[in-house]
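Enquirer: Below you'll find the structure I mean.
Here, each number is a calculation from the coordinates, and none is a lab measurement. Note that the structure is predicted; figures quoted are calculated from it, not measured. Cβ: placed from backbone, ideal geometry, glycine included. Neighbour counts: every protein chain shown.
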Amino acid sequence: MALALLLGSVSAPSLSGQYLEGSPDDGLTATVSRSEPNLIRVEGRKIRRIQGVEGEFFVSPDKETGAAYLKPNTDKPIFSVFVADDAGRHWKLMLKVADVPAETLVIRDRSRSRVEGRAFLADESRNAAIRRVLLALARDAEPEDMTARETLVIVPLWNEARFVLVRTLEGALLGEKYQLTNVSSSRMVIDERELYRRGVLAVMVDSLELEPGEATNVMVVLEGRDG
């Protein structure tokens, strides 16, 4: 059985250095190198300026990337700065000075993290729904939240094939089950990509190779009427 899915994915960001997640109202704490420049960036935004007590640190902006390099110039064990980004937000950082190599500080908006988390969960739920419809089509089952209809409609596909719609499922997603028969005198190799059309989310084919006269089931999941 072959399965081809057009499924979106949400990739978790790769993290390096110190990852500071919060809101502009929070005080975020991080450790910076005493003797080396430390990279500071705001995820998804550009830094406009870094403000604090004059003389306690040096700042070198990277205008191309929107990041900035900060090097302490104080004997204090801890000092504070405000990082302003191009969205007009001001992030308060409490920086602990230590004899460590250069650090990378990544500031991330907590609300953005929540949105991406919800998107990831929604994506996982959608993928599960698609697989559930495929399984129902393969087993000739009728899920409680879907309506099944038996049909017998010939659908034009290829000259070498007879493609018949034999069953449909209708709900939040649409499911279609076809019987594909090789009516040619040659062996047929099926490429699922040729079965995609607008609105198709997934295609599953029982057998990708058919000898003359052989048939296979094809299951298709599409966006719902309101999708």
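Enquirer: Name the GluC sites (Glu not before Pro) in the stretch 23-107 that are in a loop by DSSP and that have at most 14 other C-beta atoms within 10 Å, would you?
Expert: Answer by residue number: E54, E64.
Enquirer: Given a cut-off of under 8 Å on Cα pairs at least six residues apart, what relative contact order in percent is computed for the stretch 18-102?
Expert: Over the stretch 18-102, the number comes to 41 percent.
Enquirer: Taking the chain as the reference, fit the longest principal axis to its C-alpha atoms, fit the long axis of helix 110-139 to the helix C-alpha atoms, and give the angle between the two in degrees, 0 to 90, nearest 10.
Expert: Helix 110-139 sits roughly 10 degrees off the main axis of the chain.
Enquirer: Still on this structure, I have one more. Only four residue types carry charge here, +1 at the Cβ of Lys and Arg and -1 at the Cβ of Asp and Glu. Report the dipole size of the chain about the Cα centre in Debye, rounded to the nearest 20.
Expert: About 700 debye.
Enquirer: With Rg/Rh (Cα atoms, Kirkwood Rh) defined as stated, name the option among [x] 1.04; [y] 1.29; [z] 0.96 computed from the structure displayed.
Expert: The value matching this structure is [y].
Enquirer: Quick one: divide the alpha-carbon radius of gyration of the stretch 140-220 by 2.2 N^0.38 Å and tell me what you get.
Expert: 1.12
Enquirer: With 10 angstrom as the radius, rank K46, K177, K63 by how many other C-beta atoms surround their C-beta, starting from the fewest.
Expert: Lowest count first: K63, K46, K177.
Enquirer: Amide H of S184 versus every other amide H placed in the peptide plane: which residues, excluding those fewer than 5 positions away on the same chain, fall under 5 Å?
Expert: Amide H to amide H, under 5 Å and 5 or more residues apart or across chains, S184 pairs with G213.
Enquirer: Also, I was wondering about something else. Between I107 and residues 5 or more places away or on another chain, which pairs have amide H atoms under 5 Å apart, with H built 1.01 Å from N, and which residues are they?
Expert: L20, R41, V42, E43
Enquirer: Give me Rg/Rg_expected for the stretch 18-102, where Rg uses Cα atoms only and Rg_expected = 2.2 N^0.38 Å with N residues.
Expert: 1.00
Enquirer: Now for a different question. Given H placed 1.01 Å from N in the peptide plane, which residues other than close sequence neighbours of F57 have an amide H under 5 Å from its amide H?
Expert: Amide H neighbours of F57: N73.
Enquirer: Something else about it: Taking 7 Å along the Cα-to-C-beta vector as the label spot, tell me the N159-L135 distance in nanometres, rounded to one decimal.
Expert: Label at N159, label at L135, 4.2 nm between them.
Enquirer: Given contacts defined as C-alpha pairs under 8 Å and at least six residues apart, what's the relative contact order of the chain, whole-number percent?
Expert: After rounding, I find 20 percent.
Enquirer: Between N127 and E150, what is the spin-label point distance in nm, taking each point 7 Å from the Cα along the Cα→C-beta axis?
Expert: Taking the simple label geometry, N127 and E150 are separated by 3.6 nm.
Enquirer: Right, something else. Subtracting the Cα-Cα distance from 0.36 nm times the residue separation, let me have the gained length for K96 to E194 in nm, one decimal.
Expert: Full extension of this stretch gives 29.4 nm more.
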